[in-house]
């Protein structure tokens, strides 16, 4: 377990160096990214899709379960991906809030925006498996890092991450360059 957690912390730092770009969000929400440590899976379409301007916060998709005891599922969409980071709270937590510098633990499912195909999930390593990291420290992809900030413990959030806040034009592992990603994140703890 310690070895897996170490790999989950080291790999995102390396991936962050490969990721490029930055973006600002409104409403103080931000997001980060998990690792690409799972085996290769079918990725998103390779055609470049035009993005659309979307608000930084949006209503959560009704297809994502609010039951925090089960792994969430992501469905794909034909809609153009957002140009910037978008966060949608499925469940608003009532515990401590994640801020830059906070030690956090999350459960997550990472999927491709257009297909809904999961490329990585902490849930696949067990219901109690979490990803620990320091919010704002750059140990995960920028969109994931930014999207977790502002969440309260007990919350579930959908974070839609454009490529420039994800793995960039080069991609990483099973994630092709230019991919828009969706993470469903449960905030388990904040220290």
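Structure notes:
- Residue within the stretch 92-100 that is surrounded by 20 or more Cβ atoms within 10 Å (Cβ to Cβ), in contact with a strand residue (DSSP E or B) (Cβ under 8 Å, 6 or more places away or on another chain) and either at pLDDT below 95 or under 26 Å from residue 55 (Cβ atoms) (or both) present: yes
- For the stretch 62-79, the criterion of being under 13 Å from residue 183 (Cα atoms), at pLDDT 50 or above and not in a loop (DSSP other than H, G, I, E, B) is satisfied by no residue at all.
- Count of the stretch 114-138 residues which are touching a strand residue (DSSP E or B) at 6+ places or on another chain (Cβ under 6 Å) and buried (at least 23 other Cβ atoms within 10 Å of the Cβ): 5
- Boolean, residue 88 is modelled with pLDDT of 90 or more, under 19 Å from residue 121 (Cβ atoms) and assigned to a loop (DSSP other than H, G, I, E, B): no
- Test: residue in the stretch 153-167 that is out of contact with any helix residue (DSSP H, G or I) (no Cβ under 8 Å at 6 or more places or on another chain), surrounded by fewer than 19 Cβ atoms within 10 Å (Cβ to Cβ) and modelled with pLDDT of 95 or more: yes
The values are calculated or read from the model by the stated rules, or taken from the named source; none is laboratory data. Predicted, not measured: the structure shown is a model, and the values here were computed from it. Here Cβ is always computed from backbone atoms with ideal geometry, including for glycine, and neighbour counts include all displayed protein chains.
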